[in-house]
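One structure is given below, represented as structure tokens, and several questions about it will come after.
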Amino acid sequence: MSSTQTPNTNFWQREAGPLMMLAPMEDVTDTAFRELILRNTLPGQLQLLFTEFTSTDGMCHPVGRERVSHRLKVSPAEKQLLKEKGVRLVAQIWGNKPEKFAETVRIIHEMDVFDGIDINMGCPVKNVVAHGSCSALIDQEPLAAELIAATREASPLPLSVKTRLGLKKIDTGRWMQFLLQQPVDAIILHGRIQKQMSEGAANWDEIAKAAALRNELAPTLPIIGNGDVDSLPEAHQKIENYGVDGVMIGRGIFKNPWMFGPENQSPTVEQRLETLLLHLQLFEDNWKNERPFPMLRRFFKIYLSDFPGAAELRHQMMQVNEYDEARQTIEQWQQARDLKPV
């Protein structure tokens with residue numbers, strides 16, 4: 001079993017208190033970023049981390065596996081931090097073929113580093129939905145049931161499903177009633193339909209309806225709410241107001257990657273630059289030339305905001321194309337302002 005899980009343990013039922021977790025995000029929640037989050041996390045503040053989305057078609061293809069298996073990479077440093085901080089790591093998978101789900105899950109189980117499996121039934125990206133995967137499964141109950149069954153049969157790891165309120169329209173009642181009858185250990189519900197993508201406000205009233213339905217049909221099954229949560233105090237308020245058992249935070253982490261650390265602590269300029277330099281180092285150490293440097297640009301706004309001169313430095317960093325150049329740019333910016341190097 002993994003470093004944080006003991007045999008026959010269903011952590012969804014055993015974790016005490018509300019569950020806080022970071023959402024799986026494409027080209028974001030790789031092992032480098034997860035390690036960064038863990039380094040800034042106080043024990044007890046975060047219970048679950050998720051991998052990037054991993055294609056079951058890719059994992060079952062002799063060539064494709066090389067292209068997608070990096071999404072399941074867990075560095076030794078991350079593995080140690082998971083153990084030290086008491087955080088579980090869940091592998092998220094997607095696709096639409098039961099036999100490929102089974103094969104992928106067996107591979108994941110044999111890796112011996114993951115605490116659970118999550119099936120993506122919520123990604124709204126149009127070409128993925130056209131493929132008949134992720135959010136498309138909301139309107140394909142028989143196939144969704146087959147994928148869940150295949151996953152359950154292939155591994156004893158705890159199984160969750162991350163999904164949405166509906167495909168083209170809100171369909172919470174029908175869809176949740178179906179999922180609550182499946183052999184899953186938790187449901188993570190994003191408060192939008194597929195058609196909305198990331199637009200409009202997340203509908204937490206519908207998430208509350210799902211929690212109420214759970215109370216009737218499967219009282220011990222955790223329901224996790226997801227959508228438009230930017231802080232831990234807001235997450236706890238959502239738990240109290242809407243009857244969910246925990247909250248998954250997604251894009252909110254871009255506003256504050258320190259949110260799982262000490263409360264009410266605003267990062268200084270030095271801390272922001274220090275965290276950016278750490279992220280650069282972790283990304284370089286883990287990926288070298290496997291992943292292109294420009295992937296890091298989406299993170300620069302996280303660290304380079306809310307201080308004098310941040311916009312100027314961010315603009316300079318967006319022109320950078322390699323690690324040493326990035327470090328030099330930061331150092332030169334500091335020198336121009338008589339700031340101590342971090």
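Can you tell me which residue among G243, G261, G250 is under 30 Å from Q181 (Cα atoms), within 18 Å of the chain's Cα centre (by Cα) and not aliphatic (A, V, I, L, M)?
G250
Output the number of residues of the stretch 290-324 satisfying the condition of being of a type in the set (D, E), assigned to a helix (DSSP H, G or I) and within 15 Å of L278 (Cα to Cα). So that I can check it myself, show each step before the final result.
To start, the set of residues in the stretch 290-324 that are of a type in the set (D, E) comprises 290, 306, 312, 322, 324.
Right, trim to assigned to a helix (DSSP H, G or I) and you get 312, 324.
From the residues that got through so far, the ones that are within 15 Å of L278 (Cα to Cα) too are 324.
Number of matching residues: 1.
Enumerate the strands (runs of 3 or more DSSP E) found wholly within the stretch 19-135, keeping only those where 2 or more residues are over 25 Å from W258 (Cβ atoms). Talk me through it step by step, then tell me what you get.
Working: elements: 19-22, 48-55, 88-94, 116-121.
Those strands (runs of 3 or more DSSP E) span 48-55, 88-94, 116-121.
Would you call R106 under 26 Å from H279 (Cβ atoms) and either among the basic types (K, R) or not assigned by TED's automatic domain parsing to the domain that holds P156 (or both)? Walk me through it before giving the result.
Values: under 26 Å from H279 (Cβ atoms): no; either among the basic types (K, R) or not assigned by TED's automatic domain parsing to the domain that holds P156 (or both): yes.
Judged against the criteria, R106 is not a match.
Which count do you get for residues in the stretch 201-224 that are loosely packed, with under 12 Cβ neighbours inside 10 Å and assigned to a loop (DSSP other than H, G, I, E, B)?
So the answer is 3.
Of Q181, Q177, which residue is in contact (Cβ under 8 Å) with a residue 24 or more places away in the chain and part of a loop (DSSP other than H, G, I, E, B)?
Numbers: Q177 fails: part of a loop (DSSP other than H, G, I, E, B).
Going through Q181, Q177 in turn, just one is in contact (Cβ under 8 Å) with a residue 24 or more places away in the chain and part of a loop (DSSP other than H, G, I, E, B): Q181.
If you go through the stretch 42-52 one residue at a time, how many are crowded, with 20+ Cβ neighbours inside 10 Å and at pLDDT below 95?
Residues meeting the conditions: 0.
Is there a residue in the stretch 102-113 that is under 30 Å from Q281 (Cβ atoms) and of a type outside the set (V, I, T)?
Yes; the residues of the stretch 102-113 include at least one that is under 30 Å from Q281 (Cβ atoms) and of a type outside the set (V, I, T).
Looking at W333, is it aromatic (F, W, Y), touching a helix residue (DSSP H, G or I) at 6+ places or on another chain (Cβ under 9 Å) and farther than 21 Å from I253 by Cβ? Walk me through it before giving the result.
Values: aromatic (F, W, Y): yes; touching a helix residue (DSSP H, G or I) at 6+ places or on another chain (Cβ under 9 Å): yes; farther than 21 Å from I253 by Cβ: yes.
It is true that W333 is aromatic (F, W, Y), touching a helix residue (DSSP H, G or I) at 6+ places or on another chain (Cβ under 9 Å) and farther than 21 Å from I253 by Cβ.
Out of the residues in the stretch 225-268 that are assigned to a loop (DSSP other than H, G, I, E, B) and in contact (Cβ under 8 Å) with a residue 60 or more places away in the chain, state the one that is farthest from P24 (Cα to Cα). Full working, then the answer.
Residues of the stretch 225-268 assigned to a loop (DSSP other than H, G, I, E, B): 227-231, 243-245, 250, 255-268.
Then keep just the ones that are in contact (Cβ under 8 Å) with a residue 60 or more places away in the chain; that gives 245, 250, 257-258, 260-262.
Details: D245: 18, G250: 8, P257: 15, W258: 17, F260: 16, G261: 20, P262: 23 Å.
Filtering the stretch 225-268 for residues that are assigned to a loop (DSSP other than H, G, I, E, B) and in contact (Cβ under 8 Å) with a residue 60 or more places away in the chain, the one farthest from P24 (Cα to Cα) comes out as P262.
Continuing with this model, one more query. Scanning for something closer than 24 Å to S198 by Cα and in contact (Cβ under 8 Å) with a residue 60 or more places away in the chain, does the stretch 83-106 turn up at least one residue? Even if it seems obvious, please write down each step before you answer.
Start the filter on the stretch 83-106 by keeping residues that are closer than 24 Å to S198 by Cα, which leaves 90-96.
Then drop every residue that is not in contact (Cβ under 8 Å) with a residue 60 or more places away in the chain, which leaves 90, 92.
Checked against the condition, which is being closer than 24 Å to S198 by Cα and in contact (Cβ under 8 Å) with a residue 60 or more places away in the chain, the stretch 83-106 yields at least one hit.
I've got another one for you. Check off (1) out of contact with any Leu (no Cβ under 8 Å at 6 or more places or on another chain); (2) within 28 Å of G44 (Cα to Cα); (3) of a type in the set (A, V, I, L, M, F, W, C) for F293 and give me the number that stays unchecked.
Answer for F293: the failing condition is (2).
If F33 meets every condition in (1) surrounded by 15 or more Cβ atoms within 10 Å (Cβ to Cβ); (2) more than 13 Å from the chain's Cα centre (by Cα); (3) modelled with pLDDT of 95 or more apart from one, which number is that one?
(2)
This table checks each residue for (1) surrounded by 15 or more Cβ atoms within 10 Å (Cβ to Cβ); (2) farther than 27 Å from M197 by Cβ; (3) modelled with pLDDT under 95.
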| site | (1), (2), (3) |
| --- | --- |
| N226 | yes, no, no |
| Q237 | no, no, no |
| D245 | yes, no, no |
| P267 | yes, yes, yes |
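The values are calculated or read from the model by the stated rules, or taken from the named source; none is laboratory data. A quick note: this is a predicted structure, and the numbers were derived from the prediction, not measured. Cβ coordinates were reconstructed from backbone atoms using ideal geometry, including for glycine residues, and neighbour counts include every protein chain displayed.
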